[in-house]
1. Less than 15 Å Cβ to Cβ from residue 297, Lys/Arg counted +1 and Asp/Glu -1: what total charge do the surrounding residues give?
2. Could you work out how much longer the chain between residue 85 and residue 245 gets when fully extended? Use 0.36 nm per residue separation minus the Cα distance between them, nm to one decimal.
3. If amide H atoms are built 1.01 Å from N in the plane of the peptide, which residues on other chains or at least 5 residues away come under 5 Å of the amide H of residue 322?
4. Which FRET efficiency, nearest 0.05, do residue 318 and residue 100 yield, Cβ-Cβ r, R0 56 Å?
5. Just subtract the alpha-carbon distance of residue 139 and residue 225 from 0.36 nm times their residue separation and send over the number in nm, one decimal.
Amino acid sequence: MNLWLVFLTGLSVGSISCLAVQGTLLASTIATRNNNSTRKIHPLLPTVWFLVAKLISYTILGFVLGFLGKTIGFSNQVFIIAQFLAGLYLIALGLNLLGAHPIFRYAVINPPKMMSRFIRSRSKSAEIFAPALLGILTIFIPCGVTLAMETVAITSANPYSGAAIMSVFTLGTSPIFLGLGVFTDFLTKRLKGNLLRFAALVILYFGVTSINGSLVLVGSPITLQKLYDIIPIEIDLGGDSNPVLAANLVNGTQIFDIQVTGQGYSPSYLTAKLGLPIKLNLHPAGNLGCTTVFNIPKLKISKTLVSGENTSVEFTPTNKGDLTWSCSMGMYTGKLRIG
């Protein structure tokens, strides 16, 4: 999972959608506290309490969602379907932001009225801990984009990846809340139009890549990578950005060493000969994220990797062509060309 993209989603569309409900509640809490107290406080202080509590609660939620995805035993097909549906939902959200058609406004999910009334009543508390309590309670009134992020967290099938996804998304939504006390009018009136358009582009990209990832995982003949491969246009940027690695032949076995990190695979383009055994030595390191799982969909091979522990994948190709491997979400891929 590209955490920078998750951060941008929170910074753009997540900020706007969450501010509509949670920002109103936070402003109400600050105003009520100041109205009922002889000691006025700067709006920044309760906002920080709110954001810290929100970050902690969403990080814990992400950990739990990732843990559930890993332990409940969902099949790969369930994850792929969930990822595909999450992608469609994100695209609907993006099109709603662009005003493409009135039907897309139904993509915005509102919390149950009973839950909204309860949390609004808590926001009227004048206690010093009210902003922090409100930050925790916001997990029960997620905006539509937050629900999509929660789906991504559970499909990561990794508690640490789930925690990272939700914490980074929450951090992305934080700047607009920090400016709530002083810059709210400026942000919402002068920049809202441009911010919404930027948010729409980010969320559409995220939706398209999610759908593409699910197509990669099922071995679809149509993916963005395969479409890119057949484009008859090459741009020379003065270097080989995608080096091709040939096998190291040892005792009749074609051996490759692949470095695996949270940012993908190196090398990601291999060439091998038909009919000879292949051994892929995987060397995982660092925080893996979705690369915790190594998939070769066409061969129905799936390996769970542990950072610092080398793993091997062995098979003998029987057909010429390309074999694509990917992470658990189809976001990071590599290609083995059999010739």
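FYI, it's all coordinate maths here, none of it is from the lab. Just so you know, these numbers come straight off a predicted model, no measurement behind them. Quick reminder, even Gly has a Cβ in these numbers, built from the backbone with ideal geometry, and neighbours come from all protein chains shown.
1. Values: positive: 226, 298, 300, 303, 335; negative: 322.
Local net charge: +4.
2. Working: separation 160, 0.36 × 160 = 57.60 nm, distance 3.59 nm.
Contour length minus Cα-Cα distance gives 54.0 nm.
3. Correct list: 338.
4. On the way: r = 46 Å, r/R0 = 0.83.
Rounded to the nearest 0.05, the efficiency is 0.75.
5. Details: separation 86, 0.36 × 86 = 30.96 nm, distance 3.63 nm.
Full-extension gain reported as 27.3 nm.
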